[in-house]
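Structure first, commentary second.
Every number in this text was worked out from the coordinates using simple rules, so none of it is lab data. Since we're looking at a predicted model, the values are computed, not measured. Glycine also receives a Cβ, built like all others from the backbone with ideal geometry; neighbour counts cover every protein chain displayed.
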Amino acid sequence: MQFENIAGLTNAHLGCFWQSLGADWPHVEDAAPIEPTFERFDEEQLWAPDIFKLRVSSERASRIRVRDEKRSAMIQVQRDRLHYNWVGSGQEYPRYEAVLPKYRELAKQFSEFLQARGLGPLRPNQWELTYVNNILQGTVWDTPADWPRVLPGLLGNVTAASTAAFENVGGTWRYEIAPRAGRLHVELTHVRVGAASGPHALRLVLTARGPADGIDAVFAGLNKGHTAIVTMFSEITSQAAHAFWERVVWAQ
């Protein structure tokens, strides 16, 4: 979630919060803060391109990233954000229903931490949920010509050309979660996983984000975002891909 900037939250406080998480979270590192992001629905926002913004500041405030013993889960905290991520490699995504209570407890713990130190209440203003899907070469695709058959809802007949061979594709799509409850961002890129020599994959990133005026609105928004992401993934991927993934799950 994103919340109103807590000016009094220092790096020392972030370190204290890490310690309060206990022995289950032994790994910590600093990172540059994430820029604030707001989903708006005016005409200017609707047609605005996605632009990278670089923030230059004399502030020393940072973001901390805390990982559990297995390095499969990560908590991120900064002055205006609290994230809970799954970062397991080569493992199946945990169920949303299993992760949500953990995030709810984390938000409660962080809110109590702020109150105990006189830093004021937590005032959320945006909810956010992201799924990252690496579709590896050799599973449901072998060459770029196969991609439209994996993602017909995005790519259609993109390979149809008689004078050239299709090599690559990438793009972003934005959808309103009606009625103006949020926005779903879909990003497709061709990547190599893990390293420059790693396996080829289609990376499909689905991010749902929307406004929130309190902690209850955050969790209501997360539920809407989850529904939007699951529905979108199902509708843009092919039945053949669904059948393959179902066979893989049953074989495990």
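In a fully extended conformation the segment linking residue 139 and residue 35 would gain 33.9 nm over its present Cα-Cα distance, using 0.36 nm per residue. Given R0 = 45 Å, the distance between the Cβ atoms of residue 86 and residue 165 translates into a calculated FRET efficiency of 0.75. Listed by chain and number, the aspartates and glutamates whose alpha-carbon sits under 16 Å from that of residue 70, ignoring those within fewer than 8 places in the same chain, are 24, 29, 92.
Loop-located GluC sites (Glu not before Pro) across the range 147-252 with a Cβ neighbour count of 12 or fewer within 10 Å are 167, with loop assigned by DSSP. Phi-derived couplings, Karplus 6.51 cos²θ - 1.76 cosθ + 1.60 at θ = phi - 60°, listed residue by residue for the range 169-184: 7, x, x, 10, 10, 10, 9, 6, 8, 6, x, 6, 7, x, 9, 10 Hz, with x used for Gly and Pro.
Per residue, the chain reaches -9500 deg cm²/dmol at 222 nm when only DSSP H runs of four or more residues are counted, each adding -39500 (n - 2.57).
Ignoring aspartates and glutamates fewer than eight residues from residue 108 along the same chain, the ones with Cα atoms less than 15 angstrom from its Cα are 216.
Which is the longest run of the chain containing none of the trypsin sites (Lys or Arg not before Pro) found in DSSP loop states (not H, G, I, E, B) with at most 16 other C-beta atoms within 10 Å?
By the stated rule (loop sites, at most 16 other Cβ atoms within 10 Å), 181-252.
Angle of helix 11-21 to the longest C-alpha principal axis of the chain, folded into 0 to 90 degrees and rounded to 10: 80°.
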